[in-house]
Each structure stands twice: as structure tokens, then as C-alpha cells.
1. Taking H as built 1.01 Å from N, whose amide H comes closer than 5 Å to the amide H of Lys78, not counting residues under 5 places away?
2. Find, among the trypsin sites (Lys or Arg not before Pro) in the stretch 72-105, those assigned to loop by DSSP (not H, G, I, E, B) with at most 13 other beta-carbon atoms within 10 angstrom.
Amino acid sequence: MLISIKLVTSLEGLQKSEVESQDAEVEEEEREGEEEEVAVSLRLPTPSELSESVLLTVLYDGAEGKAVAILYNKEDKKVYAWYDNTNHHPYLLTDIPIDKLKSLP
């Protein structure tokens, strides 16, 4: 899975080798002042099984039609993408009656 993230941050203390170890491509664009805009594209491994990990965020992959969890594994210190394999379907919670929902564009 390829993920692109844009951050506005200070890059002090971040070494290029740390980013490269995650197979990332980093593009830096100078901004006025002390901030820098950084665009990071990551190609994340998608294992079918993974030991205990920390959930960083959950995204929606429209091409796959599935949620994908971005996880950090403490053991190997790598970031992984895990696609939902539970056949979960999105749902909507509302107090609007069903007949009115069906008439909405």
C-alpha cells in the first residue's frame, strides 16, 4: 500500500537513514520561518498476521473498498498497513427516519 502524508513540522533530529529504513521517499520543501513542509510517501508491508502493535490511525482505501489500519510494531520497530479482513460494512447512526434518509440525494 502506498500512503502519502504531508506534514508541517521541524525536522530537527530526524535522520534520512531512519526514514529510508522504512522504504520511504522524502521530499522537503522550504517554507518561510523555521517550519518545513514534508511530503512522505510510504510503501507499507501488508502482512496477514502481525504480533501486538500500536494503532496509529485508520484510513479508508476507496480502491479496495476497505478500511486499512496503520500499525506500529514495537518488536521490529516498523509500520504496517493491515486491511480489514472481517467483511465489515460501513454503517450510519442517525435519528432520521429511514423513509426520510431514502429520499435524501
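Values in this text are rule-based calculations from the coordinates and carry no lab data. Please read all numbers here as calculations on a predicted model, not as lab measurements. Note that each Cβ is placed from the backbone with ideal geometry, even for glycine, and that neighbours are counted across all protein chains shown.
1. So Lys78 has HN proximity to Asn73.
2. Lys74, Lys77
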